[in-house]
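This report refers to the structure that appears directly beneath it.
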Amino acid sequence: MDRPISIPDWMSALAQSPLSEALKAAYVREILSFLKYCKESHLAATVGTAQRFLGWRETQCRGPSREALRWFYREGRKARAGPGSQDGGAEKGVEPHLALRDFRGD
């Protein structure tokens with residue numbers, strides 16, 4: 001299933017990650033580009049949307065788009081799963097936040 005992914009505090013999670021500062025900056029740029037694409041296209045941030053975005057984005061630049069969105073998706077799954085969960089984020093009955101909330105950094 002192509003479930004929406006949401007991490008309202010993704011910038012904080014990225015800042016605390018062990019990635020280099022240069023890679024963090026590149027990931028911020030790529031994730032913001034993806035979330036802007038979602039907002040302008042009126043689409044949820046899903047795997048399918050990310051695949052369509054990457055199809056376009058990778059023709060435009062050589063940045064780490066794919067790696068950044070993989071990080072975003074993995075972190076979103078962790079956030080949805082919660083501590084001690086075994087389902088990898090497949091919570092039933094939980095409505096994810098809109099991609100716009102992620103974009104604004106609320």
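Taking all protein chains together, Cys61, Cys38 sort by accessible area into Cys61, Cys38, largest first [probe 1.4 Å].
A cut-off under 14 angstrom between Cβ atoms defines the neighbours of Thr59, and their net charge, with Lys, Arg +1 and Asp, Glu -1, is +3. In this structure, Ser41 and Ser20 have a Cβ-Cβ separation that, at R0 = 22 Å, corresponds to a calculated FRET efficiency of about 0.10.
Using the Cβ of Gln16 as centre and a radius below 13 Å, the other residues enclosed give a net charge of -1, where K and R count +1 and D and E count -1.
For the stretch 1-75, the solvent-accessible area of protein heavy atoms averages 58 Å² per residue (probe radius 1.4 Å; ligands and nucleic acids excluded). Once R0 is set to 22 Å, what does the formula 1/(1 + (r/R0)^6) return for the Cβ-Cβ distance between Glu58 and Lys78, expressed as a FRET efficiency to the nearest 0.05? So, using R0 = 22 Å, E works out to roughly 0.30.
As a test of reading the structure, rank Arg66, Arg57 by solvent-accessible area (1.4 Å probe, protein chains only), most first. Provide the component values of the computation, followed by the final result.
Details: Arg66 90, Arg57 35 Å².
Greatest to least solvent exposure: Arg66, Arg57.
The values are calculated or read from the model by the stated rules, or taken from the named source; none is laboratory data. These figures come from a predicted structure and were not determined experimentally. Neighbour counts run over all protein chains shown; Cβ positions are idealised from the backbone, glycine included. Ligands, DNA and RNA are excluded from the accessible area calculation, which covers all protein heavy atoms including side chains. Shrake-Rupley method; radii C 1.70, N 1.55, O 1.52, S 1.80 Å.
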